[in-house]
Amino acid sequence: MSEAEEMIKKGTEENQHRVMLRGIFKLQKKSHDVLLTRTTLTWTPITPETPTAEACMLPSGTLLLQDVFAVKVKRRRAVGQQTGGAVLGVALFHCVRVGRRLQEETLHLHNASSEHAYTWFNTLKEVISGFHGRPRSLKVFINPSSHRKEAVPIYRDHVAPLFKMANIHTNITVTEKQGHSLSVMKECPLDEYDGVVCVGGDGSVAELSHAVVLRAQLDANCPENPVRSALPLGIIPAGSTDVVSCSVHGVRDPVTAALHIILGHLQKVDMCSFSSLGQFIRFGFSAQFGFGGQSLAKAEKKRWMSSSRRQEYAVVKTLAYMRPEECQLSFLPVKKISRNLFSIDQDPETDEQESWVTNHGLYLSISIMSIPCLSSYTPQGLAPSTRLANGSAALIAVGNASKSEFIKHLKGYSASAGQFSYPFVETHTVSAVKIRPQAVVGWSEEVSEKDGVSTTRSINQSESCAFPWNIDGELVQIANEVLVRVHPGLITLYGEDVDEWEEPAISCSCI
């Protein structure tokens, strides 16, 4: 570092610690000497000596201004009075950490001087408004049908009051059907907003995450290459599992999610592109082929059931008629990352330089995940070895095995470890994956109208049947080879990288 740079750094640090205001306020009925700098608010009790000449010791305190999201002038008002009233002091609304949770708290500084209170109020507002990344205007999408139709009350009761307190303007769209948020995002004037917010479950998050990145691609007029999203996406959990939200918050808590948005906590996150035979399909964070896709396909046929019953039914039914899929699995180990990670379509010249590893066999399940996929069902994550932004994805390939061994593997996800310790399970850190189904493209479950007995038969390619894929909890039918590529930091989410789920874990009773 040069001498000039050292002087600038020193000057910046001195400016941050320079006392801007000093005054006397009462905190909890005790007088305190309060100091304000650009980064902190500190208070020290004024301790008069007692008749015995002993000082009355009271605790001091410090508040980081980066945790403050709103400042208000306190007034005494009569019942029903909306304006005016005697000034009582200043209130600072800030967040505190309790584990992974963010909770709202209020610091009350009491002083009856109107001039004194407004001097502090205006200075505090100026400092807080200078923090980078905090949104002032948000486009909000609410899916009223998520899980138990909880999205609207969650937003109304827990999120909207916090946004209002932080003086954040919101434009709300309540989605009416699948694809609604995608169609709105294609035409939305994004220059009017600082961020986008999704209130819903995994399906809503998947659609809006895809929409945010796709919109960036369209705006850049770059149809062949992914483009980093222009606006960050905030996720308010209102679903049954909330995998992406849990991965960036560590808890399923709408207040925590809202405070991350308000305070502008930004986290770059890797995403994957999915294409088949050169045709782009979508962007996403994770995909499951085999067991994960088959169980989701069965669950989608029972939408009238509750989410928990539907999930249990699908798992039991899929296990009962489980068959391995024959396919060719190819992948690029992460140490051989392509020099052009943002290329969706396969480039023959690039592929010649990349060392693809190819295996051919029977697989019960193949999963590709660019995020840990934390949830209450998987406290360590479906992919514990990956992070939100390490430029790679976890490939988990489960070969042919007995039903009992496969169930033990599944149960390991709800435990602390052990799900990858089986000889039929292989894991790799990859930058790209290709899955090419062989002669048999799927299995069909048929129920006899005469006796109600369910039977399973194989379907060959001549019947043009597509495989069910589970991409971010959404069912996607694909008949041919699928290419998955990881794109580092493709999207920015409000939140932070977390290591594991912090809430009590839930095990699936069906296995």
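So here's what we get for this one:
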| quantity | calculated |
| --- | --- |
| Inter-residue pairs, beta-carbon under 6 Å, first buried (at least 21 other Cβ atoms within 10 Å of the Cβ) and in region 223-237, second modelled with pLDDT under 95 and assigned to a loop (DSSP other than H, G, I, E, B), 6+ apart | Pro226/Phe342; Pro237/Arg252 |
| Checklist (1) over 24 Å from Gly391 (Cα atoms); (2) over 20 Å from the mean Cα position of the chain (by Cα); (3) open to solvent by 20 Å² or more (accessible area, probe 1.4 Å) applied to Val255, failing item | (2) |
| Long-range neighbours under 9 Å by Cβ, at least six apart or interchain, first residue over 11 Å from Asp242 (Cα atoms) and among the hydroxyl-bearing types (Ser, Thr, Tyr) within region 183-211, second open to solvent by less than 20 Å² (accessible area, probe 1.4 Å) and in a helix (DSSP H, G or I) | Ser183/Ala211; Ser209/Val244 |
| Subset of region 292-305 that is part of a loop (DSSP other than H, G, I, E, B) and open to solvent by 60 Å² or more (accessible area, probe 1.4 Å) - its residue that is farthest from Gly239 (Cα to Cα) | Lys301 |
| Any hit, region 174-191, residues being of a type outside the set (Asp, Glu), under 22 Å from Arg252 (Cβ atoms), open to solvent by 30 Å² or more (accessible area, probe 1.4 Å) and out of contact with any Lys or Arg (no Cβ under 6 Å at 6 or more places or on another chain) | yes |
| Residue match in region 79-86 (condition: assigned to a strand (DSSP E or B), open to solvent by 80 Å² or more (accessible area, probe 1.4 Å) and either more than 30 Å from Thr170 (Cβ to Cβ) or among the aromatic types (Phe, Trp, Tyr) (or both)) | no |
| Unique match (being touching a Ser or Thr at 6+ places or on another chain (Cβ under 9 Å) and modelled with pLDDT of 90 or more) among Pro379, Pro333 | Pro333 |
| Residue check for Ala220: without any contact (Cβ under 8 Å) to a residue 24 or more places away in the chain and open to solvent by 10 Å² or more (accessible area, probe 1.4 Å) | yes |
| Residues located in region 269-291, provided they are over 13 Å from Ser367 (Cβ atoms), assigned to a strand (DSSP E or B) and open to solvent by 10 Å² or more (accessible area, probe 1.4 Å) | Ser276, Gln279, Phe280, Ile281, Arg282 |
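The values are calculated or read from the model by the stated rules, or taken from the named source; none is laboratory data. Model, not experiment: these values are computed from the prediction. Quick reminder, even Gly has a Cβ in these numbers, built from the backbone with ideal geometry, and neighbours come from all protein chains shown. Note: areas computed on protein heavy atoms with side chains; ligands, DNA, RNA excluded. Shrake-Rupley method; radii C 1.70, N 1.55, O 1.52, S 1.80 Å.
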